[in-house]
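Below is one structure, written out as structure tokens, with a few remarks after it.
The values are calculated or read from the model by the stated rules, or taken from the named source; none is laboratory data. Since we're looking at a predicted model, the values are computed, not measured. Cβ sites come from the backbone with ideal geometry, for glycine too, and all protein chains shown count toward neighbours. Surface areas here come from the heavy atoms of the whole protein model, side chains and all, with no ligands, DNA or RNA. Shrake-Rupley method; radii C 1.70, N 1.55, O 1.52, S 1.80 Å.
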Amino acid sequence: MTSQPNDDTLRDMHRRMVRIRHFEETAGKMMEDGKIPGALHLYVGQEAIAAGIMVHLADTDQITSTHRGHGHLIAKGGDFNRMYAELFGKATGYCKGKGGSMHICDMDLGMLGANGIVGAGPPIAVGAAFANKFKDNGAVAVTFFGDGASNEGSVHEAANMAGLFKLPIVMVCENNGYGEYTAQKNHQAIVDVADRAAGYGMPGVVVDGMDVVAVYEAAGEAIDRARSGGGPTLLECKTYRYYDHVGVRGMGLSYRTDEEVMEWKKRDPIDLFEARLSEQDIMSKDDMAAVHETVKGELDVAIQFANDSPMPDPSTLLDDVYYVA
Amino acid sequence: MAEAQTTEARTLPYVAAITEGIRQVLLEQENAFVAGEDVAGAGGVYGSFKGLLAEFGERRVIDTPISEAGIIGLGVGAAATGCRPIIDLMFMDFLGECMDEVANQMAKMRFMFGGAAQLPITVLTMAGAGLNLAAQHSQSLEAWLCHLPGLKVMMPATPYDAKGSIIAAARDSNPVFVILNKMSLGLPGEVPEDPYEVPIGVANIVRPGTNFTIVAFGRMLHEALTAAEDLKADGIDTEVIDPITLQPFDTDTVIDSVKKTHRAMIVHEAVRFAGFGAEIAAQIQELAFDYLDAPVARVGAPFSPVPFSPGLEPHYVPNAKTIAAEARRTLGL
Ligand SMILES: Cc1ncc(C[n+]2csc(CCOP(=O)(O)OP(=O)(O)O)c2C)c(N)n1
Ligand SMILES: [Mg+2]
């Protein structure tokens, strides 16, 4: 039942990955230039996961994200203008400047928020999946969480309920080998988080998170299963984050070697995919260059928009604490 | 302020004073250990555990998984069975992840067991807004803890008090939270080299004054001191009191001050509504009602989560200006 991506889907995934990459590279520079306040967790290196999964989803399907959430929103169709405006803290941003990078969301796209609390997404996604089943609307929820997050009780509780209630959900562990500065071998006694699936009564699948087609195929199967009433899947994607835990250079700690970073970069998800696309004559070098240029142009526009946008007025401080009819 | 046992004071930043306090506890108490997320290899995300792994080794300085309920639970269990854990909760906001272990286990175990258990556990955590870290990384939740019988709660504002509070907390055989402030990490101050305690439950009159009392704690102490200088222009001679410990609270020092000054204001960074200032204000009116010449004022954050935007956050967190303005309003100036 594994579906192969057709050429349009391949081009679509490429565009999503390139959008994430340039958005994040630009954001990293802006942060270093002092344009983006607060904390910024970059998704560079992990693009294949968001792209290979989100391409299966409709706006009516929901996702929950993490502190490293820009890639998820972009792949779900996020608007650069409103994203940059939010990162700058502007009134025109996705959260009117209230949330920033760690709380960026788009409810119309079913993106139920990045999250500042590690492990907070899965229970919320279980709630969305429950509502989908309750309403019998055929929608699927996908929750993203890290290897570090997989050690939070909230993630186990959510996974257990997903399995018990046979919910239409895919639980995606983006295993980039580290929770902050702690390597996976120092935070859990297993290698594959997917091994835990057995304990939740759901299939566990490990996939190469640097290979967008592999992610696409595994995710397709899991999402089909969820949508057709077959219950949840724990999908673990092995990946790597290129930059520091927070920001670009972060705290400058030596918790991983340059060689290790270089090794992973040799399997850069975009490079790998572009080689394949050109080998298979799906996109020419020029086609791909055009995608990059278009995306960069969109980013210039978005940054201009964010720059030109006003800061939120202090009088809005108490807005949106409650719903007011 | 407790007198140091030594005159050997140097200027240290707040963060280094924290490290020195923890280090001296580890030297002093062989059953003490430090556990938390990224406290060992990384030396803590604020640098407050720097060097401790190298000096004390993996047995006593322990990186944990991201499992706050598990970490606090580990501390409770180890404390109940003879260790003296120092547990780090990276951001105070993460209390949400482990509130059962804090509220229903740590705080109540001794009482529920009829005194059969002893829980010498210290929890270090970071509070405070001002760094655009938004609603889940900026809170001051001390009121949550002060409402729980069985816990002690300290909120040191200076390097001196940070080190001394940590040592006092670790020597105490009850659960003690030491709430630190992430905006103050670089704040310099005099810190004696030898170990010393800032006694739990003893307030510090940081600035003596005659006709107005401000009770301020955490980072707001510094803002209140600046406001006090500003108020001099209007003939207000402000006494600034830092309780340092919120639970147990040094009521006497505050009441004595108010009896002298006849007017009082409480300043904290937490949301004003149902904040710890409400408790202090209630105590003042109960115990010094006849001495008051003005309503007891309170300054705190508005009733909203902490906003991210640089256009909003500065309007959210109280500062010297807003404190002075509220003082003038309440004093009818
Ligand atoms: C409940 C909670 N604990 C700790 C943190 C601090 N923190 C933020 S991200 C992070 C690491 C998360 O690691 P992982 O889940 O693997 O995601 P990654 O950063 O690798 O994408 C930690 C410990 C937090 N935000 N929330
Ligand atoms: Mg990780």
When the stretch A:269-325 is checked residue by residue, the ones that are of a type in the set (Ser, Thr, Tyr) and within 25 Å of the chain's Cα centre (by Cα) are A:294
Quick check, is residue B:94 open to solvent by less than 10 Å² (accessible area, probe 1.4 Å), within 20 Å of the chain's Cα centre (by Cα), within 14 Å of another protein chain (Cβ to nearest Cβ) and free of Cβ contacts under 8 Å to residues at least 40 places away in the same chain? no
Any residue in the stretch A:32-47 that is under 26 Å from residue B:128 (Cβ atoms), open to solvent by less than 10 Å² (accessible area, probe 1.4 Å), within 11 Å of another protein chain (Cβ to nearest Cβ) and out of contact with any Phe, Trp or Tyr (no Cβ under 7 Å at 6 or more places or on another chain)? yes
Hey, does the stretch A:157-175 have a residue that's away from chain B (no Cβ under 14 Å), assigned to a strand (DSSP E or B) and away from ligand 2 (no atom under 16 Å from the Cβ)? yes
Among (1) surrounded by fewer than 22 Cβ atoms within 10 Å (Cβ to Cβ); (2) over 30 Å from residue A:113 (Cα atoms), the one test that residue B:216 misses: (1)
Tally the residues that are crowded, with 24+ Cβ neighbours inside 10 Å, more than 14 Å from chain A (Cβ to nearest Cβ) and in a loop (DSSP other than H, G, I, E, B), restricting the search to the stretch B:129-160. 5
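For the stretch B:196-213, which positions are assigned to a loop (DSSP other than H, G, I, E, B) and either crowded, with 21+ Cβ neighbours inside 10 Å or of a type in the set (A, V, I, L, M, F, W, C) (or both)? Reasoning before the result, please.
Step one: list which residues in the stretch B:196-213 are assigned to a loop (DSSP other than H, G, I, E, B), which gives B:196-203, B:208-211.
Within the stretch B:196-213, B:198, B:200, B:202, B:203 meet the criteria.
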Considering A:199, A:179, which residue is within 13 Å of another protein chain (Cβ to nearest Cβ) and either under 28 Å from residue A:242 (Cα atoms) or more than 12 Å from ligand 1 (Cβ to nearest atom) (or both)? A:179
Regarding residue A:179, is this residue in contact with a strand residue (DSSP E or B) (Cβ under 9 Å, 6 or more places away or on another chain) and within 16 Å of ligand 2 (Cβ to nearest atom)? yes
Looking at the stretch A:145-156, I want the residues that are under 18 Å from residue A:170 (Cα atoms) and more than 9 Å from chain B (Cβ to nearest Cβ) and have a partner that is within 8 Å of ligand 2 (Cβ to nearest atom) and not in a helix (DSSP H, G or I) with Cβ atoms under 6 Å, at least 6 apart or on another chain. Which pairs are those? A:147/A:175
Within the stretch A:117-136, is there a residue that is in a loop (DSSP other than H, G, I, E, B), over 22 Å from residue A:229 (Cα atoms) and over 21 Å from the mean Cα position of the chain (by Cα)? no
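Residues in the stretch A:294-325 that are acidic (Asp, Glu), assigned to a helix (DSSP H, G or I) and either open to solvent by less than 80 Å² (accessible area, probe 1.4 Å) or modelled with pLDDT under 95 (or both): how many?
Qualifying residue count, the stretch A:294-325: 1.
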The stretch A:306-318 residues that are within 21 Å of residue B:303 (Cβ to Cβ), paired with ones that are open to solvent by less than 80 Å² (accessible area, probe 1.4 Å) and aliphatic (A, V, I, L, M) (beta carbon under 7 Å, 6 or more apart): A:312/A:91; A:312/B:312; A:314/B:312; A:317/B:312
